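All remarks here apply to the structure that follows.
The values are calculated or read from the model by the stated rules, or taken from the named source; none is laboratory data. The structure displayed is predicted, hence computed values, not measured ones. A quick note on method: Cβ atoms are made from the backbone with ideal geometry, for glycine too, and the neighbour counts reach across all protein chains shown. What goes into the accessible areas is simple: the full protein's heavy atoms, side chains included, and nothing from ligands, DNA or RNA. Shrake-Rupley method; radii C 1.70, N 1.55, O 1.52, S 1.80 Å.
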Amino acid sequence: LLTWPDRRLVDVNDAFLTISGFPKQDVIGKQPRELGLFRKQPEDAEMLIEAIVRQGRFSNIELRVIGKHGNVIVGLFSGELISNQGMDYLLATMIDITERKWMEETLRIRDATLTAIIENQPGLLWLKDPESRFLAVNSQFARMCGLQRPEDVVGNTDLDVWPLELADKYRTDDQMIIQSNQPL
């Protein structure tokens, strides 16, 4: 809870203290900029302030803040201007999505690596789930199917991309591989 428009912290909950690493006595009466919360990205704080001034509220704005010990915290912020006994306040909430953002980045890197491996294979490459649905293919495989991009194949089955006779043969081969656990 901040006073408005001077933006001094009036109260914070225990979750804020845990996430930020600040003790309560170091926070109350201070502005977020005095704490250095936005020191690496002051333009983020300005974006938040503009949203508040324009609309009196903001919702689900992703911002990076800096904790007491220099740790980066990615938060999803929402807030609203409220009045109480002639005073204006900004009531704000933050959901810590740092771990989620880290996982998204890890998955993005993993996906890029897998795509590079798949695309740099010299022949046709495909990966299917147990229902014979294509999970990944390389560009050469997509072209062999008469399609432009690997994304055009992914999610389909042999029945979606091959003539019936060929699709039946491939589905039979898939089932034989699954049942025998041996390559074909």
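Just need the relative contact order of the chain here, percent rounded to a whole number, with Cα pairs under 8 Å and 6+ apart.
12
Against the globular-protein guess of 2.2 N^0.38 Å, express the Cα radius of gyration of segment 1-48 as a ratio, rounded to two decimals.
Here the Cα radius of gyration is 1.11 times the empirical estimate.
Which of 77, 134, 58 moves most in a GNM of the chain, Cα contacts under 10 Å?
In the Gaussian network model the winner is 134.
Could you identify which residue out of 135, 76, 63 has the top mean-square fluctuation in a GNM of the chain using Cα springs shorter than 10 Å?
135
Which of 49, 60, 177 sits closest to the plus end of the dipole of the chain, meaning its Cα is farthest towards the positive end, when Lys and Arg get +1 and Asp and Glu get -1 on the C-beta?
Positive-most Cα among the choices belongs to 49.
In debye, nearest 20, what is the charge dipole magnitude of the chain about its Cα centre with +1 on Lys and Arg Cβ and -1 on Asp and Glu Cβ, if you could check? Could you put the intermediate results ahead of the total?
Values: 21 positive and 28 negative charges, 134 e Å.
Its charge dipole is roughly 640 debye.
Using Cα atoms only, what is the angle between the long axis of helix 164-180 and the major principal axis of the chain, expressed in degrees (0 to 90) to the nearest 10?
Once rounded, the angle reads 80 degrees.
Looking at (1) 16.7; (2) 13.7; (3) 10.0, which value of mean projected area of the Cα convex hull in nm² comes from a calculation on the structure shown?
(1)
Using the alpha-carbon centroid of each, what span in Å lies between segment 148-184 and segment 64-123?
39
Pop out the carbon and sulfur fraction of the accessible area of segment 51-184 as a percent, whole number, probe 1.4 Å.
The value for segment 51-184 is 55 percent carbon and sulfur by accessible area.
For every helix of n ≥ 4 consecutive DSSP H residues, a contribution of -39,500 (n - 2.57) applies; sum these over the chain, divide by its total residues, and give [θ] at 222 nm rounded to the nearest 500 deg cm²/dmol.
Theoretical 222 nm ellipticity from helices: -12500 deg cm²/dmol.
Which one of 102, 13, 122 has its Cα pushed farthest toward the positive end of the charge dipole of the chain, where Lys and Arg give +1 and Asp and Glu give -1 at the Cβ?
Ranked along the dipole, the leading option is 13.
What is the gain in length, in nm to one decimal, between residue 69 and residue 10 on full extension, counting 0.36 nm per residue of separation less the C-alpha to C-alpha distance? Present the calculation step by step, with values, prior to reporting the outcome.
Details: separation 59, 0.36 × 59 = 21.24 nm, distance 2.21 nm.
The span from residue 69 to residue 10 would gain 19.0 nm if fully extended.
Tell me the label-point distance for the pair residue 151, residue 116, using the 7 Å Cα-to-Cβ offset, in nm and rounded to one decimal.
2.1
Expected output is a single nm value to one decimal: the length gained when fully extending between residue 46 and residue 1, i.e. 0.36 nm times separation in residues minus the C-alpha distance. What is it?
Stretched fully, the residue 46-residue 1 segment lengthens by 14.4 nm.
Give, as a single signed number, the net charge of other residues whose beta carbon lies under 11 Å from the beta carbon of residue 101, with Lys and Arg counted +1 and Asp and Glu -1.
-2
Please get the size of the charge dipole for segment 10-72, origin at its Cα centre, with Cβ charges of +1 on Lys and Arg and -1 on Asp and Glu, quoted in debye to the nearest 20.
Using only the charged Cβ atoms, the result is roughly 80 debye.
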